[in-house]
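Visitor: Below are the structure tokens for one structure; questions will follow.
The values are calculated or read from the model by the stated rules, or taken from the named source; none is laboratory data. Keep in mind the model is a prediction, meaning the values are calculated, not measured. Quick reminder, even Gly has a Cβ in these numbers, built from the backbone with ideal geometry, and neighbours come from all protein chains shown. Surface accessibility is based on the protein's heavy atoms, side chains included, excluding ligands, DNA and RNA. Shrake-Rupley method; radii C 1.70, N 1.55, O 1.52, S 1.80 Å.
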Amino acid sequence: EGSQRVHALILKHFLNKAQISEVILKDGTITSPTKVPASTDDVRGFKLVNEYKLLFGSEPDISIRNPRNVLEGAIEIKAGVDSAGALERYGAAKKSFDKALTENKAAITFYVASSPMLTAAVTDAIASDRLVRKEFNLAEIFLSDDAREEFLKELDWISHL
């Protein structure tokens, strides 16, 4: 559910800015931004007016690709409520980031996690880990206008808007 909420937030952000040229549905169909399905479950991603693409997937959860299809951003979302698995889930995100950085070592990586996933051990690991460029607290993105704006500004920047 956390990933779906982030997908919906990002889709709404770019729709409100009138920056989406086409929406890519999970069945491969391309549709107009005026015909976005009510549920992001049916959306695979979208193309921006500047030809950048934001794609929803599983590894990474969100990828940002430039017009030449080069990966420029990778976002991993961990929305769990059990802090016991926080390091394990962070480890899974690191594998995704490692794969992304193998594809393009200049890619920007975001770790977006719920509060229980941001344990002291995970925060320490992120601080000493070059695989994570930015981290965001999922709850803060949804509860704080400032945190949400910071997150969305970073997406705008990576997408060259």
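Visitor: Along each of its three principal axes, how wide is the spread of alpha-carbon positions in segment 54-117, in whole angstrom units, largest first?
Guide: If we take the Cα atoms of segment 54-117, the spans are 40, 19, 15 Å.
Visitor: Please give the contour-minus-distance gain from residue 9 to residue 149: 0.36 nm per residue of separation, less the Cα-Cα distance, rounded to one decimal in nm.
Guide: On the way: separation 140, 0.36 × 140 = 50.40 nm, distance 1.11 nm.
49.3 nm is the gain from fully extending residue 9 to residue 149.
Visitor: Given a 1.4 angstrom probe, I'd like the percentage of the accessible area of the chain that is carbon and sulfur, rounded to a whole number. Mind dumping the intermediate values first?
Guide: Numbers: 4010 of 8300 Å².
The nonpolar share, carbon plus sulfur, comes to 48 percent.
Visitor: Something else now. Before anything else, pin down the relative contact order of segment 1-109: Cα pairs under 8 Å, at least 6 apart, normalised by residue count, whole percent. Walk me through the numbers on the way to the answer.
Guide: Details: 155 pairs, mean separation 20.7, N = 109.
In percent, rounded to a whole number, it is 19.
Visitor: Which percent, nearest 5, of DSSP beta bridges in segment 56-117 are antiparallel?
Guide: Values: 5 of 11 bridges.
In segment 56-117, DSSP labels about 45 percent of beta bridges as antiparallel.
Visitor: What does the extension gain come out to for residue 99 and residue 39, with contour length at 0.36 nm per residue minus their alpha carbon separation?
Guide: Numbers: separation 60, 0.36 × 60 = 21.60 nm, distance 2.90 nm.
Result for the pair: 18.7 nm of gain on full extension.
Visitor: Remind me, relative contact order of segment 66-120 in percent, using alpha carbon pairs under 8 angstrom and six or more residues apart? Don't jump to the answer; show the numbers that get you there.
Guide: Details: 69 pairs, mean separation 31.0, N = 55.
Across segment 66-120, relative contact order equals 56 percent.
Visitor: Given the pairs 35/134; 17/99; 26/47; 17/78; 47/99; 26/134, which are separated by over 25 angstrom at their Cα positions? Don't skip to the answer; put the middle values down first.
Guide: Values: 35/134 33 Å; 17/99 31 Å; 26/47 14 Å; 17/78 27 Å; 47/99 23 Å; 26/134 28 Å.
Exceeds cut-off: 35/134; 17/99; 17/78; 26/134.
Visitor: Identify which of the listed values of Cα extents along the principal axes in Å was calculated from the structure shown: (i) 44, 32, 30; (ii) 82, 57, 37; (iii) 49, 33, 26.
Guide: Recomputing Cα extents along the principal axes in Å here gives the entry labelled (i).
Visitor: For the chain, what is the percent of antiparallel DSSP beta bridges, rounded to the nearest 5?
Guide: Details: 18 of 28 bridges.
Rounded to the nearest five, the antiparallel share is 65 percent.
Visitor: Then there is this: By per-residue mean of other Cβ atoms within 10 Å, what is the highest-first order of 50-57, 29-36? Don't skip to the answer; put the middle values down first.
Guide: Values: 50-57: 17.6, 29-36: 12.5.
Highest to lowest by the protection proxy: 50-57, 29-36.
Visitor: Taking the Cα centre of segment 1-125 as origin, sum charge times position over the Cβ atoms of Lys and Arg (+1) and Asp and Glu (-1), and report the length of that vector in debye to the nearest 20.
Guide: Details: 16 positive and 15 negative charges, 74 e Å.
The dipole magnitude comes to about 360 debye.
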